[in-house]
Ligand code: CP
């Protein structure tokens, strides 16, 4: 099972960015380079020994100031598969509770000689803020409602396993657009690659001016699913909703929840979800486990995509 990329050498093509803060500034060529490189790493992950020496000697700090299951573990595994040295930091048990600022905490970790910093934070712009103040390369692992670029990249990778071309691909993103960094990153990347994106959800959960991102807007789930290749359900983020923007979770499910009826009506449709899923809210439980729900494939692909991002950033010259 040979790979066509020599992971001990710098890549032939390079990213034009030193950091991955979001996908709004990434070109189609850069996104395609990440997806192509991830395909090679996906193959490495099927080998008996799922490890390459590419990032030996590189130190990566995973700094999670907000809860995470998938992203944190996925980055940690990706770093181990690349033979990087890793440290992981989470807010609980840290000196943040003693009054230390975010910047001082990150600078102290960086002072221990860190090359790359993977950062999740509840404030939009946190990764960008830190990238301007520390020497390490920064990867945004989700900043508030702003962007979650590696999630969108793994979503695109998973779509590419089912559909040969993004040009003309019809993707409907359903749910809470107002609080979704996943949706924003997907919209940037998908429209850059020529996909047609529809967003669907309650008007109260649509940010003002969202149409300016080049998407179609509807509050009808039937309209969103008609002719659609990929339905991406978003989590109802109860921790970010604040005052009630939807009448009830039951009503949300009745209007926007994906059901088995939808799967029967749309035989070609694949269903995605970034996780964590609220079963019975954005997706009915039997759809989560449906053969055309690719939610766990997304998680598997996340490791390969994050390996690709780490590799391209760490070995690039930007
Ligand atoms: N999709 C996602 O970001 O999941 P976690 O919050 O578990 O990392």
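Values quoted throughout were computed directly from the atomic coordinates according to the rules given, and no laboratory measurement underlies them. Computed from a prediction, not measured in an experiment: that's the story for all the values here. All Cβ positions, glycine included, derive from the backbone under ideal geometry; neighbour counts span all protein chains shown.
For the chain, a Gaussian network of Cα nodes joined below 10 Å ranks 57, 227, 125 by mean-square fluctuation, and the top entry is 57.
Note on the range 110-196: Cα convex hull, mean projected area over all directions, 6.6 nm². Ordering 68-80, 178-190 by mean Cβ neighbour count within 10 Å, with the highest value first, yields 178-190, 68-80. Global size of the range 1-136: 16.2, 52 Å for Rg and Dmax (C-alpha atoms, Rg to one decimal, Dmax whole).
The modelled label-to-label distance for the pair residue 212/residue 226, using points 7 Å beyond Cα in the direction of Cβ, is 2.9 nm. Measuring between their Cα centroids, the range 69-100 and the range 107-176 lie 15 Å from each other. Fewest neighbouring Cβ atoms within 10 Å first, the residues 113, 98 line up as 98, 113.
Can you tell which of 144, 302, 99 shows the greatest fluctuation in a Gaussian network model of the chain with Cα springs below 10 Å? Its mean-square fluctuation being the largest, the pick is 99. Here the Debye sum runs over all C-alpha atoms of the range 98-154 as equal scatterers in vacuum, and log10 of I(q)/I(0) at q = 0.17, 0.19 Å⁻¹ comes out as -0.53, -0.65.
Mean-square fluctuations from a GNM of the chain, with a 10 angstrom spring cutoff on Cα atoms, peak among 213, 169, 154 at 213.
In the range 81-126, the ratio of gyration radius to Kirkwood radius, Rg to Rh, stands at 0.97 when only Cα atoms are counted. Using C-alpha pairs under 8 Å with a sequence gap of at least 6, the mean separation divided by the residue count of the range 245-290 gives a relative contact order of 51 percent. Using the alpha-carbon positions of the range 154-252, Rg (one decimal) and Dmax (whole number) come out as 13.4, 42 Å.
Size descriptors for the chain: radius of gyration and Dmax over Cα atoms are 19.3, 56 Å. The residues 37, 59, when put in order of fewest to most other Cβ atoms within 10 Å, stand as 59, 37. Here the relative contact order of the range 1-89, from alpha carbon pairs under 8 Å that lie six or more residues apart, stands at 29 percent. How many nm is it between the label spots at residue 133 and residue 244, if each spot is 7 Å from the Cα in line with the beta carbon? Taking the simple label geometry, residue 133 and residue 244 are separated by 3.9 nm. Based on DSSP H segments of at least four residues, each scored -39500 (n - 2.57), the chain has a per-residue ellipticity at 222 nm of -11000 deg cm²/dmol. Can you give me the Kirkwood hydrodynamic radius for the range 219-281, using every pair of distinct Cα atoms, in Å to one decimal? Kirkwood hydrodynamic radius for the range 219-281: 12.8 Å. Between the Cα long axis of helix 70-81 and the first principal axis of the chain there is an angle of about 40°, rounded to the nearest 10.
Whole angstrom only: what separates the Cα centroid of the range 41-57 from the Cα centroid of the range 259-288? Computed from Cα coordinates, the inter-centre distance equals 33 Å.
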